[in-house]
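Peer 1: Before anything else, here's the structure in question.
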Amino acid sequence: MQILRTILTIIFVIDCIALTVVVLMQEGKSQGLGAIAGAAESYWGKNKGRTMEGGLVKATTIMAVLFFVLSIVLNLNF
């Protein structure tokens, strides 16, 4: 069990570093009131999942879920 705990700890540390990097690579969301009116209907608003920013958002979500799951698993006493 100690080997599994060590492997999970290494994955946890890598996930923490990668999550920090991905969050810092994202653009700011402070676009003001202009974001409410017209930005949602633009081409980039409709295809946001295909852009680099959309990929960073998806990667952040996946790594954040992995972070929380590993935090809970590593906190258990097994």
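Peer 1: Give me a comma-separated list of calculated 3J(HN,Hα) values for the range 13-20, in order, Karplus coefficients 6.51, -1.76, 1.60 applied at θ = phi - 60°, integers in Hz, x for any Gly or Pro.
Peer 2: Here the 3J(HN,Hα) series is 5, 4, 5, 4, 5, 5, 5, 4 Hz.
Peer 1: Could you give me the ³J(HN,Hα) list for the range 57-71, computed from phi with Karplus coefficients 6.51, -1.76, 1.60 and θ = phi - 60°, whole Hz, x at Gly and Pro?
Peer 2: Listing the rounded values in order: 5, 5, 5, 4, 5, 5, 5, 5, 5, 4, 4, 5, 5, 5, 4 Hz.
Peer 1: To continue, here is another question. Grab the Cα-Cα distance for Val65 and Gln2, subtract it from 0.36 nm times how many residues apart they are, and report the gain in nm with one decimal. Kindly include the intermediate steps, with their values, before the conclusion.
Peer 2: On the way: separation 63, 0.36 × 63 = 22.68 nm, distance 2.35 nm.
Between Val65 and Gln2, full extension yields an extra 20.3 nm.
Peer 1: Taking 0.36 nm per residue of sequence separation and subtracting the Cα-Cα distance, how much length would be gained by fully extending the chain between Met25 and Thr51, in nm to one decimal?
Peer 2: Between Met25 and Thr51, full extension yields 8.0 nm more.
Only the coordinates and a few stated rules stand behind these numbers; no lab work does. As the structure is a prediction and not an experimental result, all values here were calculated from the model.
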